[in-house]
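The values are calculated or read from the model by the stated rules, or taken from the named source; none is laboratory data. Given the structure is predicted, the values throughout are model-derived calculations rather than measurements. Every residue, glycine among them, receives a Cβ derived from its backbone with ideal geometry; neighbour counts consider all protein chains shown.
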Amino acid sequence: MKHQARKRFGQHFLSDSGIIDGIVRAIAPKPGDAMVEIGPGLAALTQPLVERLGRLTVIELDRDLAVRLRAHPQLEVIESDVLRVDFRSLATKKGPLRVVGNLPYNISSPILFHLLPVADVVLDQHFMLQKEVIDRMVAQPATSDYGRLSVMLQWRYAMEDVLFVPPESFDPPPRVDSAVVRMVPLATPPVLDPKLLEGLVQVAFSMRRKLLRHSLGKWLETKQFGGSFDLQRRAEEVPVAEYVALAQALGN
């Protein structure tokens, strides 16, 4: 029986075999890799992955799809909202994880932030996302795409846009272009309090069009920051390394 895509789960099923091959090549799965797929759906990506891996763990929220997936003996199916999955305990059981998936576009940012604290137990991540989200993830300073998402992910990962995916590659087609991003956690990330970095970046970009003295300047005063930081710039003009250094100075 044909599965109807469910709007509440943000379901768009990948159906273009050329694109599927391109994604599998970008992921380069090897037998024995401890891989976890988020949102396997109708198994378009799952099938070629598990053929190369031997075993695959999948996380699926849709009960009907989870039932179908359980019929496959090489799949371990976790029927759950991905935001409730403890990836650290999965890594404890399986070893360092490789995480992949065609992420539901309505909750892609929360998923990325859910995985951020476990980057130390992840080898790499390959995700299909809305193209404009990936543009923001990999954006450089002094561009309109550069923002909170750019800073919060670039301090922890090396990232690249590896494949463009047009709407007609899906059933039903989404109204947006998609792309695949590769995210590799930095081997020696800066030592800082991620919550502190998140707080200061949020404040910095809260008044994007104004100079930082109007937003971050006031916030730094409340923290009694005595160091130097050029506030005569807009948030988008400050490189990731400077936000990181500021968070480290505040943490000390």
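Points worth noting:
- Some residue of segment 153-164 being assigned by TED's automatic domain parsing to the domain that holds residue 108, of a type outside the set (S, T, N, Q), more than 17 Å from residue 138 (Cα to Cα) and within 21 Å of the chain's Cα centre (by Cα): no
- Checklist (1) free of Cβ contacts under 8 Å to residues at least 40 places away in the same chain; (2) among the small types (Gly, Ala, Ser); (3) in contact with a Gly (Cβ under 9 Å, 6 or more places away or on another chain) applied to residue 66, failing item: (3)
- Enumeration of residues in segment 183-209 that are among the basic types (Lys, Arg) and at pLDDT 95 or above: 195
- In a residue-by-residue description of segment 66-84, the property of being closer than 20 Å to residue 108 by Cβ, at pLDDT below 95 and either charged (D, E, K, R) or in the same structural domain as residue 173 (by TED's automatic domain parsing) (or both) applies to no position.
- Taken together, the criteria place residue 142 among residues that are surrounded by fewer than 18 Cβ atoms within 10 Å (Cβ to Cβ), among the hydrophobic types (A, V, I, L, M, F, W, C) and at pLDDT 95 or above.
- The listed residue being surrounded by 21 or more Cβ atoms within 10 Å (Cβ to Cβ) and out of contact with any strand residue (DSSP E or B) (no Cβ under 7 Å at 6 or more places or on another chain), out of 211, 197: 197
- Residue in segment 168-191 that is touching a strand residue (DSSP E or B) at 6+ places or on another chain (Cβ under 7 Å), part of a helix (DSSP H, G or I) and not basic (Lys, Arg) present: yes
- All of (1) part of a helix (DSSP H, G or I); (2) outside the structural domain of residue 23 (by TED's automatic domain parsing) hold for residue 149 with one exception: (2).
- Against the criterion of being surrounded by 14 or more Cβ atoms within 10 Å (Cβ to Cβ), assigned to a loop (DSSP other than H, G, I, E, B) and not assigned by TED's automatic domain parsing to the domain that holds residue 23, residue 205 does not qualify.
- Residue list for segment 104-144, filter: of a type outside the set (Ser, Thr, Tyr), in contact (Cβ under 8 Å) with a residue 12 or more places away in the chain and in a loop (DSSP other than H, G, I, E, B): 104, 138, 141, 142
- For beta carbons closer than 8 Å, sequence separation of 6+ or different chains, a first residue in segment 222-250 that is within 17 Å of residue 198 (Cβ to Cβ) and among the hydroxyl-bearing types (Ser, Thr, Tyr) and a second that is in a helix (DSSP H, G or I) and at pLDDT 95 or above, the qualifying pairs are 243/151; 243/197; 243/200; 243/201; 243/204.
- Meets criteria (closer than 20 Å to residue 112 by Cβ, assigned by TED's automatic domain parsing to the domain that holds residue 27 and among the hydroxyl-bearing types (Ser, Thr, Tyr)) for residue 178: yes
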